[in-house]
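Following: one structure in structure tokens, then a few remarks.
Readers should treat all values here as calculations from the given coordinates under stated rules, not as data from a laboratory. Bear in mind that the values here come from a model prediction, so they are computed numbers and not experimental data. Every residue, glycine among them, receives a Cβ derived from its backbone with ideal geometry; neighbour counts consider all protein chains shown.
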Amino acid sequence: MMVRRLEKIEKEMGYCDIKLEKERRLRKQASYLQAESSALERVIRLYESSVVGLGQLPFEKVAQQVTMERARVDKGRAEEGPFSSRAKEDFISAGVLEMVRDEREILLREQESIEIKLSSFSGFGKKRSVLEEERNLALRNLAPAHSSKMRKVTDEFKKIEELWNSLTEDAINLDEGLFYLSRNVDYIKSSRAFLITAKGSFDIESWVEEGYSSDLFRHSNIGRSKEMIDGANRNLKLAQKELCCVVNIKLRTDGFEPILVHFLDGLFQDIFLDGRLGRSIAVVEKALSQSKKFLTQIRQRRETLHSKLVRTERTRAQLFQRLGGERRGRVSAN
């Protein structure tokens with residue numbers, strides 16, 4: 001009778017542990033999104049202070065000034081002078097600001113959704129404490145020899161249950177992260193394809209002289225390429241939101257960053273320094289290579305985690321049987 005009572009308490013405590021683990025991870029995600037939103041807000045303020053619309057940028061003047069500045073440097077060197085440096089800052093600002101605003105709105109909505117979920121995770125810490133007291137009382141009511149044995153097994157089960165909960169949540173986070181990373185790669189592939197298409201028909205002299213500047217990022221393959229990069233960045237942020245929660249597998253995310261500013265930098269130089277689409281394509285191709293490598297790395301880590309989870313599940317089932325219960329499945333906490 002007392003063993004069945006202990007089994008019921010362990011089941012209820014396990015459910016509380018699942019909820020508490022989910023709550024910890026949701027809070028970490030909310031913290032990550034808050035930090036990202038604040039960083040984007042600073043970027044917006046920085047660019048808003050100097051930005052003008054792309055259609056208002058004096059591209060013909062920029063082209064003339066860049067040509068004059070290049071003529072003043074050594075032959076064969078394509079360098080930026082002070083005018084082109086300022087013009088490039090305006091160009092990047094005009095290309096970044098709208099998308100940064102949209103990205104911040106998306107992250108804020110994601111944060112709001114998490115805050116709503118967190119509102120349902122209340123009282124489980126207190127409930128678990130009450131259950132732990134009940135378990136300790138039940139153990140004290142057993143015969144001393146039996147109580148000591150049960151307490152030892154219970155402590156072992158508690159450790160393995162905590163690890164199992166953590167590994168299970170890691171698996172969920174990694175699966176979600178992999179979904180977004182796969183989309184990140186797909187978006188960058190699309191960006192590269194649009195750029196290559198644009199390369200064959202990109203008449204820079206006509207574009208500048210005939211005033212196509214307002215259409216550079218609209219109704220063009222370059223515009224669609226930039227939109228794909230924006231989609232890649234968005235999925236990267238959502239993947240990082242999931243991966244920041246993983247605790248049992250070491251992940252290397254250094255050097256894996258959004259590329260929109262680098263893309264616009266390369267595009268400006270393609271237009272006004274080189275006269276061909278080369279640098280921007282190189283930026284996208286490098287990002288694609290890094291994204292593929294990172295996706296492969298996370299997939300490998302997922303396999304490693306799966307092996308750990310299987311071993312832990314086996315040990316957990318054995319310990320639960322020693323407690324007198326039957327092997328149980330994971331209680332749904334949705």
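Taking trypsin sites (Lys or Arg not before Pro) across segment 229-281, the ones in a DSSP loop with at most 16 further Cβ atoms lying within 10 angstrom of their Cβ are Lys250, Arg252, Arg276. Distance between the C-alpha centres of segment 234-307 and segment 1-40: 31 Å, rounded to the whole angstrom. The residue list Leu131, Ser120, Leu108 was ranked by how far each Cα lies along the charge dipole of segment 80-132 toward its positive end, using unit charges on Cβ atoms, and Leu131 comes out on top. Applying a DSSP loop filter and a limit of 12 other Cβ atoms within 10 Å to the GluC sites (Glu not before Pro) in segment 83-126 leaves nothing.
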